[in-house]
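Colleague: I'd like to ask you about the structure that follows.
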Amino acid sequence: MKRIFQRFLVRLDLTRRPPPPPEPALSLAADLSELSLDQGYHTLADCGPPRRRRDNNLSDALWLKVLSYLEVSDLCRMSRVCRRWARIVSRLTSRPEPWRRVRAAGPLEVAARCAGARAGPCVSAVREWRIKNCAVTVAGAQLLVATFRNLTHLAIAGSTSMDARALAPIVTDLVDLRHIDLTGCPNVDWPEWAWLETRLMTRRPPVEYIDLTDCGSVTDAGLCALLHTCPSLQYLYLRRCTLVTDAGVRWVPSYCALKELSVSDCTGVTDFGLYELAKLGPALRYLSVAKCSQVSDSGIRTLTRRCYKLRYLNARGCGAVGDDGVEAIARGCSRLRALDLGATDVSEAGLQILARCCPNLKKLALRGCELIGDDGLEAVAYYCRGLTQLNIQDTPVTLRGYRAVKKYCKRCVIEHTNPGFC
């Protein structure tokens, strides 16, 4: 009882102890260097209006180097940021190098006029012109040709108003034009022969590359006029030009020595078209006849016998192609690097012959091939050890074939739809 009473007295003395004296108030005028940083008083040193910091410490020479990688359209926007950048951009655009590639927007006539005004004395340095989804008129094409006479690359993609009348001055007046990309221009067809021959009596344009993908208005007569107009053509892409048939394809070896040709989704191209394309001989390195449902083993056999330097062949969706065609490919084109046999009738025997005859194969697509199995895939994996891409989606290949590819082809990327592969 005595101990409990002593503890009560001790607590009572503590509660009655006078509070500590208050700390002296601090003012902003106090010497802040003597205050402890742990108490947070160091933040008072930044009170007042914020200091204006410099955006960067880079010199104008470094900014010139950085901005030189931008397109001209981006430079025009950056010139509005501040006076310094406007001065740097003006110095940069006074040089010919940034004007080699121009990406424009809006109607072609307006874009050509604005770009010509901004380029000034550097207008002769423009070599590439790219524009998308623009309105193209004959006047706009003529203005483009008159302003940028030294163009070598022209890309007008997705223009529904682009037609043969607007295309004519581009082909006939740009004397250095070598690359034409008209992807997604559905109204483009090459002008008639009689109209062009009067303007091309003395010369032919040195065009080497033409991409007419999704140009659904291109006909056999237009293709014939194109080949006659551009004898230097080496790369031609006619993907989804559904009006092109054997009657147009047969003119290809008569006028041009093509290296690359794509007639994928051109259902009017048959074995007779491949008989004519075989006349290209060893010059042909790339060919796509994907989804040309009338192409069979006979056409593939004739083609590969004469075009023995093929590096890429796409026969995806050609349901009439089977082991005989694959054997002709394997024995005739031993230098093949990429092959697409998706949705064809190739079987185990065809794959084994292909693996033995084409050991340098890098890319192989077998999507939708229902007749292949693990034995054929093991042969491909064993002989083609440099394989880098393999597509076996929607095939009956099991885990055994998948592991064989993983074992022998160390760097191969396998596309599959089997969740059990690991």
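The values are calculated or read from the model by the stated rules, or taken from the named source; none is laboratory data. If you're wondering where the values come from, they're calculated on a predicted model, not measured in any experiment. Here the Cβ positions follow ideal geometry from the backbone for every residue, glycine too, while neighbour counts run over all protein chains shown. SASA here: full protein model, heavy atoms, side chains in, ligands and nucleic acids out. Shrake-Rupley method; radii C 1.70, N 1.55, O 1.52, S 1.80 Å.
Colleague: Of the residues in segment 295-319, how many are surrounded by 19 or more Cβ atoms within 10 Å (Cβ to Cβ) and of a type in the set (D, E, K, R)?
Modeller: Result for segment 295-319: 3.
Colleague: Residue check: is Ala111 assigned to a helix (DSSP H, G or I) and surrounded by fewer than 17 Cβ atoms within 10 Å (Cβ to Cβ)?
Modeller: no
Let's see how each residue does on (1) within 20 Å of Asn187 (Cβ to Cβ); (2) open to solvent by less than 50 Å² (accessible area, probe 1.4 Å):
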site	(1), (2)
Val126	no, yes
Lys132	yes, no
Gln142	yes, no
Phe148	no, yes
Leu151	no, yes
Ala164	yes, yes
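Colleague: Find all pairs meeting these conditions: Cβ atoms under 8 angstrom apart; at least six residues apart or on different chains; first residue within segment 106-124 and more than 18 Å from Pro169 (Cβ to Cβ); second residue modelled with pLDDT of 85 or more and buried (at least 17 other Cβ atoms within 10 Å of the Cβ).
Modeller: Matching pairs, first to second residue: Gly106/Cys134; Ala119/Val126.
Every residue, every condition in (1) touching a His at 6+ places or on another chain (Cβ under 9 Å); (2) modelled with pLDDT of 95 or more; (3) among the hydrophobic types (A, V, I, L, M, F, W, C), yes or no:
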{"residue": "Leu226", "(1), (2), (3)": "no, no, yes"}
{"residue": "Thr229", "(1), (2), (3)": "no, no, no"}
{"residue": "Ser232", "(1), (2), (3)": "no, no, no"}
{"residue": "Leu238", "(1), (2), (3)": "no, yes, yes"}
{"residue": "Cys241", "(1), (2), (3)": "no, yes, yes"}
{"residue": "Val249", "(1), (2), (3)": "no, yes, yes"}
{"residue": "Asp265", "(1), (2), (3)": "no, yes, no"}
{"residue": "Gly268", "(1), (2), (3)": "no, yes, no"}
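Colleague: Still on this structure: So, of the residues in segment 285-294 that are within 23 Å of the chain's Cα centre (by Cα) and in a loop (DSSP other than H, G, I, E, B), which turns out to be surrounded by the most Cβ atoms within 10 Å (Cβ to Cβ)?
Modeller: Out of the qualifying residues, it is Val289.
Colleague: Among the residues of segment 166-188 satisfying the criterion of being acidic (Asp, Glu) and under 25 Å from the mean Cα position of the chain (by Cα), which is surrounded by the fewest Cβ atoms within 10 Å (Cβ to Cβ)?
Modeller: Filtering first and then ranking leaves Asp176.
Colleague: Pick out the one residue from Arg95, Arg101 that is touching a strand residue (DSSP E or B) at 6+ places or on another chain (Cβ under 6 Å), open to solvent by 100 Å² or more (accessible area, probe 1.4 Å) and modelled with pLDDT of 65 or more.
Modeller: Arg101
Colleague: Just the residues that are outside any loop (DSSP other than H, G, I, E, B) and of a type outside the set (S, T, N, Q), please, taken from segment 311-320.
Modeller: Listed by number, the residues that qualify are Tyr312, Leu313, Ala320.
Colleague: Under 8 Å by Cβ, and 6 or more places apart or on different chains, what pairs join a residue from segment 402-422 that is open to solvent by 60 Å² or more (accessible area, probe 1.4 Å) with one that is among the acidic types (Asp, Glu) and part of a loop (DSSP other than H, G, I, E, B)?
Modeller: Thr417/Asp394
Colleague: In addition: Taking the conditions exactly as written (assigned to a loop (DSSP other than H, G, I, E, B), among the aliphatic types (A, V, I, L, M) and either open to solvent by 10 Å² or more (accessible area, probe 1.4 Å) or within 19 Å of Arg316 (Cβ to Cβ) (or both)), does Ala257 satisfy them or not?
Modeller: Spelling it out, Ala257 is indeed assigned to a loop (DSSP other than H, G, I, E, B), among the aliphatic types (A, V, I, L, M) and either open to solvent by 10 Å² or more (accessible area, probe 1.4 Å) or within 19 Å of Arg316 (Cβ to Cβ) (or both).
Colleague: Okay, next question. At pLDDT below 90 and either buried (at least 21 other Cβ atoms within 10 Å of the Cβ) or under 20 Å from Val269 (Cβ atoms) (or both): is that true of Gly222 in this structure?
Modeller: So Gly222 fits the description; yes.
Colleague: Within segment 259-311, can you find the residues that are among the hydrophobic types (A, V, I, L, M, F, W, C) and farther than 22 Å from Asp211 by Cα?
Modeller: Scanning segment 259-311 gives Phe272, Val295, Ile300, Leu303, Cys307.
Colleague: With respect to Ala45, determine if the residue is modelled with pLDDT under 80 and open to solvent by less than 20 Å² (accessible area, probe 1.4 Å).
Modeller: Spelling it out, it is not the case that Ala45 is modelled with pLDDT under 80 and open to solvent by less than 20 Å² (accessible area, probe 1.4 Å).
Colleague: Return yes when Leu274 is within 16 Å of Leu261 (Cβ to Cβ), part of a helix (DSSP H, G or I) and in contact (Cβ under 8 Å) with a residue 24 or more places away in the chain and no when it is not.
Modeller: Judged against the criteria, Leu274 is a match.
Colleague: Consider only pairs whose beta carbons are under 6 Å apart and that are at least six residues apart or on different chains; among these, list those whose first residue lies in segment 222-240 and is under 14 Å from Pro253 (Cβ atoms) and whose second residue is modelled with pLDDT of 90 or more and in a strand (DSSP E or B).
Modeller: Between residues of segment 222-240 that are under 14 Å from Pro253 (Cβ atoms) and residues that are modelled with pLDDT of 90 or more and in a strand (DSSP E or B), the close pairs are Leu236/Ile210; Leu236/Leu261.
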